[in-house]
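The values are calculated or read from the model by the stated rules, or taken from the named source; none is laboratory data. Just so it is clear, the structure is predicted and the values come from calculations on it, not from any experiment. Virtual Cβ from ideal backbone geometry, glycine too; neighbours counted across all protein chains shown. Areas reflect the complete protein model, heavy atoms only, side chains present, ligands, DNA and RNA absent. Shrake-Rupley method; radii C 1.70, N 1.55, O 1.52, S 1.80 Å.
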Amino acid sequence: MPRIHKASLVLAVLVFTAAGWAGAQTAGTQDIFHVGVGARALGMGNAYVAMPQDPTAIYWNPGALDLFERRSATFFYARLFSGDTYSFVGYVHPTLALGTFGFGWGHLGVGGLTARDEHNVAQGDFGFSHDEFYFAFSKQIPYGLTVGVTAKMVRQALWQFTDSGLGMDLGIVWQPSLPAGTLDGLQVGLAIQNALSPSTRLAEGSNYLPHDIRMGVAVPVGLDMLRGGMRIYADIEKGDQLDPQLHLGTEYLYQNRAALRIGFTGGELNFGAGYRQGDFTLDYSYGRFASGEISPSHRFSLTVELGKTRAQIAKEIEEQRARELAEMARRQAEWERRETIDKSLRQGRKFLEEGDYYAAYREFARVLALDPENPEAKALARQADEKINEQLRKEAEEQVQKEKAEAERLRKERFAKEHMRKGMAFMETGEYLQALKEFQTILDQQPDNDVAKHWIEQVHKEINKQIESLVRQAEQLLRQGRRREAVRKLRKAQELAADRPQVVKFLEGKINSIEQQFDFATSYQQGITYYSQKKYKAALQAFERALKLQPNNEEVKRWYLDAKSRAFAKDEPIDKRIKAKYLQGLDYFTSGDYEKALQVWEECLKFQPYNKKILDAIDQAREKLRKK
């Protein structure tokens, strides 16, 4: 077999990676996959590190994965040069508690390369492939941070040579807590690709994948007038041997269904579009991967969202847990119910044997409340009920006989004696009405009972003395101003004279007169108190009550009008008819003649009784006079 020059094979790879991908200015300094994956990200100029929203986040920034709500998969494909292919497949699997896992595979395949020997003689065609396999994990942590890591294996194949290496990417996303209305939805992202750099060796050359650091920001912008929203992305990138490079992109979303995108990277404009239908999203972008690329290329991505959101899954788990707890509670309740039934049946049978029918019936009733169709409980409850009814009938018959015998005995032997004893006891304690009732009871049964008649006459005499004494006491209390106590005395006298309507009417008149005087004094005093506290509306109501009791009281009328003026006082200009007089009062007040000032302002008040300015002036004059 002819010997293939190893240097020629290595040269083929280097030429491809330099000219076709990174451009003249970055040859040999970047990973083959450095140009990015996913039509959405490429359409926005690779400005995607702060807010990646499809499974290509495995590549761009694994820190964003735990922000995904649903499982999703993405498929990316781009056709390069003449038959070369560039593709990526990714899958993201969020969990409720463990975080989010991601799996991906990136592939670059190049065919049609020609192998030559040391004399530059063609020895046949061969291909080159570069594959990267990703396993990513992401987890939200406090302070609005989400961190992630992607472990990856890089495999390269050229002719009969293959090699692989292991590497690691790191990422973090920050969602700052800002005041409402201040950059709502802002996200900041940082990703370090090849933080642990993989290295492969093909033929005689070693291929080292350099570190690449990207930091970016994404800001959603609402566009209600266009029935959509916009996101603005900006990333800055720095490689091991590269100057900082700026990536800019923007995306307009219409009703969260259709999208238009434009991006700028490496001096090249890229364009893109997307459309979402149900759980499927198709994205497209067009542009050059780098300024050295011969012609623009078309890129396609299909993203599929799978299953339910985290919130829906959590809700289903919670509902399932609630159902399980409810079933456990039901089983526990059923077990307790059966235990209660068995226990109550045992207790009920025991009480029934002991003759405690009420306790037995209670236990059987408890069983029937838990198991209405229990045949044993029904039969035993009927048996206990029959025993109870039989017992009640016997007790009722015995009670009737006892009551009849007792009633007859009392009627014959103790009726008169008992009521006489009660009446005498009431006489001794001064309860003459009760004594009168007892003696009258005897007289109703024995109309010719002279003893009862005598004591009735004596009771009437004592009641007359009591009424006269109470009236005298009430008059004395009234002179002392103790109206309530006087009324109580007269009320007691009324009770004693209950069987004499004329006396009751006379006492009622005296009581009404005292209560009216008391109500007037109370209302009048309340009005003065409220007035002093400047509660003018409450004072007005109190003076109204006093006037209803004494309509001609001039003093109350004066207070009533004064309180009314202040209760409804309002700021209003001084009437021109009294303005001169009002100013005259001010002159008197200024010169210290407060009495004349008060007289003048009170005359002004007759024309404008609710003028707050006049009322305040009167108050000031009165205060000066009081202090003087």
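Things to note:
- Flag not set for TYR588, criterion: in a helix (DSSP H, G or I) and closer than 30 Å to ARG484 by Cα.
- Residue match in segment 521-534 (condition: open to solvent by less than 100 Å² (accessible area, probe 1.4 Å), of a type outside the set (Ser, Thr, Tyr) and at pLDDT below 75): yes
- Filtering segment 357-375 to residues that are hydrophobic (A, V, I, L, M, F, W, C) and open to solvent by less than 40 Å² (accessible area, probe 1.4 Å) leaves ALA359, ALA360, PHE364, VAL367.
- Total residues in segment 74-88 satisfying the condition of being at pLDDT 95 or above and surrounded by 18 or more Cβ atoms within 10 Å (Cβ to Cβ): the figure is 3.
- Lone qualifier among GLU386, GLU354, GLU438, GLU418 - being surrounded by 11 or more Cβ atoms within 10 Å (Cβ to Cβ), of a type in the set (Asp, Glu) and under 60 Å from the mean Cα position of the chain (by Cα): GLU386
- Selection of segment 582-602 for residues being over 18 Å from ASP571 (Cα atoms), surrounded by 15 or more Cβ atoms within 10 Å (Cβ to Cβ) and in contact with a Lys or Arg (Cβ under 9 Å, 6 or more places away or on another chain) yields GLN584, GLY585, TYR588, PHE589, TYR594, ALA597, LEU598, VAL600.
- Filtered by the rule that a residue be in a strand (DSSP E or B) and in contact (Cβ under 8 Å) with a residue 40 or more places away in the chain, segment 101-125 gives GLY102, PHE103, GLY104, GLY106, LEU108, VAL110, LEU113, ALA115, ARG116, GLN123.
- Screening PHE300 with (1) open to solvent by 70 Å² or more (accessible area, probe 1.4 Å); (2) under 19 Å from THR56 (Cβ atoms); (3) part of a loop (DSSP other than H, G, I, E, B); (4) not β-branched (Val, Ile, Thr) gives one miss only, at (3).
- Some residue of segment 447-468 being touching a residue at least 40 places away in the same chain (Cβ under 8 Å) and open to solvent by 30 Å² or more (accessible area, probe 1.4 Å): no
- Whichever residue in segment 542-581 is within 19 Å of SER523 (Cβ to Cβ), out of contact with any helix residue (DSSP H, G or I) (no Cβ under 8 Å at 6 or more places or on another chain) and of a type outside the set (A, V, I, L, M, F, W, C) and, among such residues, is most open to solvent (accessible area, probe 1.4 Å): LYS548
- Scanning segment 267-288 for residues that are at pLDDT below 90, open to solvent by 30 Å² or more (accessible area, probe 1.4 Å) and not charged (D, E, K, R) returns a single hit, GLY267.
- On the stretch given as segment 603-619, residues that are open to solvent by 100 Å² or more (accessible area, probe 1.4 Å) and either in contact with a Phe, Trp or Tyr (Cβ under 9 Å, 6 or more places away or on another chain) or of a type in the set (Ser, Thr, Tyr) (or both) total 1.
- Selection status of LYS402, within 25 Å of LEU496 (Cβ to Cβ) and loosely packed, with under 15 Cβ neighbours inside 10 Å: no
- Checking PRO176 against (1) in a loop (DSSP other than H, G, I, E, B); (2) surrounded by 22 or more Cβ atoms within 10 Å (Cβ to Cβ), the condition it does not meet: (2)
- Of residues in segment 126-166 being more than 21 Å from ALA57 (Cβ to Cβ) and hydroxyl-bearing (Ser, Thr, Tyr), the one surrounded by the fewest Cβ atoms within 10 Å (Cβ to Cβ): THR162
- Qualifying position, being touching a helix residue (DSSP H, G or I) at 6+ places or on another chain (Cβ under 7 Å), under 23 Å from SER297 (Cβ atoms) and either among the β-branched types (Val, Ile, Thr) or in contact (Cβ under 8 Å) with a residue 40 or more places away in the chain (or both), among GLY148, GLY90: GLY90
- Taking segment 558-581 as the range and being assigned to a helix (DSSP H, G or I) and in contact with a strand residue (DSSP E or B) (Cβ under 9 Å, 6 or more places away or on another chain) as the test, only SER565 passes.
- Assessment of segment 178-186 against the conditions (modelled with pLDDT of 80 or more, of a type outside the set (A, V, I, L, M) and either out of contact with any Asp or Glu (no Cβ under 7 Å at 6 or more places or on another chain) or closer than 24 Å to PRO62 by Cα (or both)) yields at least one matching residue.
- A single entry from ALA333, ALA425, ALA384, ALA379 fulfils the requirement of being in a helix (DSSP H, G or I) and in contact with a helix residue (DSSP H, G or I) (Cβ under 7 Å, 6 or more places away or on another chain): ALA384.
- Among the residues making up segment 239-266, those that are among the aliphatic types (A, V, I, L, M) and either open to solvent by 70 Å² or more (accessible area, probe 1.4 Å) or assigned to a strand (DSSP E or B) (or both) are LEU246, LEU248, LEU253, ALA258, ALA259, LEU260, ILE262.
- Checking segment 225-235 against the condition returns a match, with at least one residue being at pLDDT below 95, open to solvent by 70 Å² or more (accessible area, probe 1.4 Å) and closer than 22 Å to PRO52 by Cβ.
- Selection from segment 469-486 of residues that are of a type outside the set (Gly, Ala, Ser), open to solvent by less than 60 Å² (accessible area, probe 1.4 Å) and under 30 Å from GLY423 (Cβ atoms): LEU470, VAL471
Rundown of residues vs (1) touching a residue at least 12 places away in the same chain (Cβ under 8 Å); (2) within 38 Å of the chain's Cα centre (by Cα), yes/no style:
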| position | (1), (2) |
| --- | --- |
| ILE236 | yes, no |
| ASP243 | no, no |
| LEU248 | yes, no |
| ARG257 | yes, yes |
| LEU269 | yes, no |
| GLY274 | yes, no |
| PHE289 | yes, no |
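- Residue check: LEU98 meets all listed conditions (1) of a type in the set (A, V, I, L, M, F, W, C); (2) outside any loop (DSSP other than H, G, I, E, B); (3) closer than 13 Å to LEU65 by Cβ but one, namely (2).
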